1. Using θ = phi - 60° and the Karplus curve 6.51 cos²θ - 1.76 cosθ + 1.60, what whole-Hz ³J(HN,Hα) does each residue of region 87-103 get, with Gly and Pro shown as x?
2. Of the options ILE160, PRO234, SER121, report the single residue whose Cα projects farthest towards the positive end of the charge dipole of the chain (beta-carbon charges: Lys, Arg +1; Asp, Glu -1).
3. What are the ³J(HN,Hα) couplings of region 9-24, residue after residue, when phi is run through the Karplus curve with 6.51, -1.76, 1.60 and θ = phi - 60°? Round to Hz, x for glycine and proline.
4. Beyond 22 Å, how much of the Cα-Cα pair distribution for the chain remains, as a whole percent?
5. Between PHE29 and residues 5 or more places away or on another chain, which pairs have amide H atoms under 5 Å apart, with H built 1.01 Å from N, and which residues are they?
6. Fewest first, what order do LEU156, LEU219, LEU108 take by the number of other Cβ atoms within 10 Å?
7. Could you let me know the centre-to-centre spacing of region 222-264 and region 81-112, using Cα atoms, in angstrom?
8. Read phi for every residue in region 217-228 and hand back ³J(HN,Hα) as whole Hz from Karplus 6.51 cos²θ - 1.76 cosθ + 1.60, θ = phi - 60°, with x for Gly and Pro.
Amino acid sequence: MKTVIITGASNGMGYEAAKVFASKGWKVFAGARRVEKIPTDQNIVGLKLDVTDSASNHAFIAEILKQTQQIDVLINNAGYGEFGPAEEIPMENVRKQFETNFFGAVELTQLVLPTMRAQKSGRIINISSIGGDLYIPLGSYYHATKAALQQWSDALDVEIKDFGAQSIIIQPGGTASSWGEIAIGNALKNLKKDSFYQPLVEKIQGALSGNASVGATSLDLAELFYKSATDQNPKRRYFNSFGDRAVVHIARAHPRLFSRLATFMLNRVAKKKA
Ligand SMILES: NC(=O)c1ccc[n+]([C@@H]2O[C@H](COP(=O)([O-])OP(=O)(O)OC[C@H]3O[C@@H](n4cnc5c(N)ncnc54)[C@H](OP(=O)(O)O)[C@@H]3O)[C@@H](O)[C@H]2O)c1
């Protein structure tokens, strides 16, 4: 029986991924802070996990290693958007953003690699975002964590390939989940009184709320997680749609064109909402 560890399995993509892998006969070790929201199934073991807490990461992997000696796949999915003006987000929240989206993934990976090295196989799947390459205003620290995850994953991949393991990236685009709501909530929370950035927050609120930026379901992404875990020769990057891949290409190859397009699109969405 193959074994997968999925972080952030109490909602959205991680929740759906736990169900998909379990339905295909995998043993799933699923972690989240709201452990009671992790799906229940005979193949799913739900465990409490806060990826920002080193003791929690150690206890999580120790418990898994008590139950199995084999770890085929780790999916670093737990994440959120600490949105708000780069100037105004308190440093404590900036650090929390990196602790969750980047350092959590790093520590869990360090904890599973000895097992993967001993078994001479294993795959680390890191859930980045199209926002690992492109950006919207107020997402500065979120984008920085995802860009960091991508560079780190690529370097790691080269280091571990000699013992038969891989580290790969999935870059979802707008996907129905709690992500947008949480990002908007944080943008409002991080805004100072009488802030210069108030109109920008209202604009981004329009762009992130409702269906404005959503092109996929969490199940679509869960199925992509499964594909990336089971492909014989995995790609370095997985996208859910041609549009997601194209926009990343434009942002990387034509940064000025991307900046103009992004501003145009944001203004259009804001006008529609007004
Ligand atoms: N939805 C999108 O449009 C989109 C687009 C691109 C990339 N992504 C990325 O996709 C991943 C999944 O997001 P989603 O859309 O499924 O969002 P979601 O519905 O908000 O789910 C996020 C999951 O992460 C978990 N999580 C957050 N902080 C955690 C912590 N400190 N420790 C452990 N678990 C934590 C949450 O569980 P608890 O709160 O119970 O701990 C929850 O299960 C994230 O990395 C996100 O950045 C999302």
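We did not get these values from a lab; they are worked out from the coordinates using the rules stated. What you are looking at is a predicted structure, and each value in this text was computed from that prediction instead of being measured. Note that we place each Cβ from the backbone using ideal geometry, even for glycine, and neighbour counts take in every protein chain shown.
1. 6, 10, 5, x, 4, 4, 6, 4, 5, 4, 4, 6, 4, 6, 7, 10, 5
2. With unit charges placed on the Cβ atoms, the residue in question is PRO234.
3. For region 9-24, the Karplus-derived couplings read 9, 8, 7, x, 4, x, 4, 5, 5, 4, 5, 5, 5, 4, 5, 8 Hz, x marking Gly and Pro.
4. On the way: 20871 of 37401 pairs.
It works out to 56 percent of all Cα pairs.
5. Counting only residues 5 or more places away or on other chains, the set is VAL4, ILE5, ILE6, VAL45.
6. LEU219, LEU156, LEU108
7. Cα centroid to Cα centroid, the span is 22 Å.
8. Residue by residue, region 217-228 yields 9, 5, 5, 3, 6, 4, 5, 5, 4, 5, 4, 5 Hz.
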